[in-house]
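Report on the structure given below.
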Amino acid sequence: MYYLRRESYEKTIPEMHGVDGKVIPERKYMSEDRAVYKSNSGLRIYRQSYPKSAWKGMFLYKLKRLNNILATRKAMYDYSGEWFDVYDENGKVDIPQYLLDKYDSQKYNTQ
């Protein structure tokens, strides 16, 4: 069973200058570990903290076929701009090149 997860990362936001002359200094941003969850009703999927969702009635969204999870990953990227990695019980999955070509991951930033 495959699932989508994005590990936490640190990013530096550069200094910004406002129109009124106000300067916002450079700062660091730390994201949390996130995964894709589905509600008990099965109608919607959500991005929540990993390994446990903060909401009751949510479970980790797992799929049996790699094609389906890659299609979900692309849809999540189109929706939120977040690129999730594919995991299974053994950790991060190495995706074959022909599937990467099929789901057009070359145009997406995988960082």
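Summary of values
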| item | result |
| --- | --- |
| Local electrostatic count, TYR9, Cβ distance below 12 Å [Lys/Arg +1, Asp/Glu -1] | -2 |
| Candidates GLY81, GLY18, GLY91: whichever shows maximal mean-square fluctuation once the chain is modelled as a Gaussian network with Cα springs under 10 Å | GLY18 |
| Charge context of LEU60, other residues only, Cβ under 11 angstrom, K/R +1, D/E -1 | +4 |
| Spacing of the two label points (7 Å from each Cα toward its C-beta) at GLU82 and MET30, in nm | 1.7 nm |
| Packing-based exposure ordering (other Cβ within 10 Å, fewest first) of ARG73, ARG34 | ARG34, ARG73 |
| Neighbourhood net charge (10 Å Cβ-Cβ; Lys/Arg +1, Asp/Glu -1) for GLU82 | +4 |
| Where labels lie 7 Å past Cα in the beta-carbon direction, separation of GLU10 and VAL23 in nm | 2.4 nm |
| Max mean-square fluctuation residue, GNM over the chain, Cα-Cα springs under 10 Å, options LEU100, LEU63, LEU43 | LEU43 |
| Virtual paramagnetic centre 7 Å along Cα→Cβ of ALA75, amide N under 18 Å, in the range 1-27 | 2-6 |
| Per-residue [θ]222 nm for the chain (sum of -39500 (n - 2.57) over DSSP H runs n ≥ 4, rounded to 500) | -5500 deg cm²/dmol |
| Filter on LYS22/LYS52; LYS11/LYS74; LYS22/LYS74; LYS11/LYS52 - keep pairs with C-alpha separation over 31 Å | LYS22/LYS52; LYS22/LYS74 |
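Any read-out appearing in this document is the output of simple, stated calculations on the displayed coordinates, not a laboratory observation. Owing to the predicted nature of the structure, the values given are computational and were not obtained by experimental measurement. Backbone-built Cβ (ideal geometry, glycine too); neighbour counts: all protein chains shown.
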